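Written below as structure tokens is the structure these notes are about.
Quick note: the coordinates plus some simple rules give every number you see, no bench work behind them. Because the structure is predicted, anything quoted here is derived from the model rather than measured. A quick note on method: Cβ atoms are made from the backbone with ideal geometry, for glycine too, and the neighbour counts reach across all protein chains shown.
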Amino acid sequence: MSLPTIDITGGLKHQRQAAHSVTQWCIERLKFTHRDFYVKIVLSARPSEDHYGYCQELGKCKYKILVRTDQPMRQWIMTLVHELIHLRQYTHNEWEGDGEDEAWGRQEELTDELWASDVL
């Protein structure tokens, strides 16, 4: 099985390390079976528009996630988890509607589980 390529930019060193650990945890926990993809995760302290993050398909098997880090750590981690749920939806082509119900419905539960697992 291929492994995804995870490229994390921006933020501080400890934020990039946390984002990498969270991403690896989510790939296992969300049971990504399609792992032959590239994802660029951008950590930004600069507010943009009215959202705290997004996941965007850039091309075949290429994705970008942006997460605002100008919020408490638990919040930006939860935002990353939310966007990683969308990444799984993209990579597995499994969507209901726009995918937001699943992402909003699972982000807090998964973040609680992540926090309790000593990943960070």
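So here's what we get for this one:
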{"item": "Table column - 3J(HN,Hα) (Hz), segment 73-88, Karplus curve with 6.51, -1.76, 1.60, x for Gly and Pro", "result": "3, 4, 5, 6, 5, 5, 4, 4, 4, 4, 6, 5, 4, 4, 4, 5"}
{"item": "Candidates Leu43, Leu80, Leu58, ranked by Gaussian network fluctuation over the chain, Cα under 10 Å, top entry", "result": "Leu58"}
{"item": "Net charge contributed by nearby residues that have their C-beta within less than 14 Å of Asp7 (K/R +1, D/E -1)", "result": "+4"}
{"item": "Evaluated over the chain, the Cα radius of gyration and Dmax, each in Å", "result": "13.2, 38"}
{"item": "Per-residue HN-Hα couplings for segment 92-109 [Karplus 6.51, -1.76, 1.60; θ = phi - 60°; Hz; x = Gly/Pro]", "result": "9, 6, 10, 10, 10, x, 8, x, 5, 4, 5, 4, 5, x, 10, 4, 6, 4"}
{"item": "Note, ³J(HN,Hα) from phi for segment 23-39, Karplus 6.51, -1.76, 1.60, rounded to Hz, x at Gly and Pro", "result": "4, 4, 4, 5, 4, 6, 5, 8, 6, 5, 9, 9, 10, 8, 8, 10, 10"}
{"item": "Ordering of 91-97, 22-28 by packing [mean C-beta count within 10 Å, highest first]", "result": "22-28, 91-97"}
{"item": "Gain upon complete extension [Glu94, Thr5; 0.36 nm per residue less C-alpha separation]", "result": "29.9 nm"}
{"item": "Three-way shape label, segment 1-41, alpha-carbon gyration tensor, a/c 1.5", "result": "oblate"}
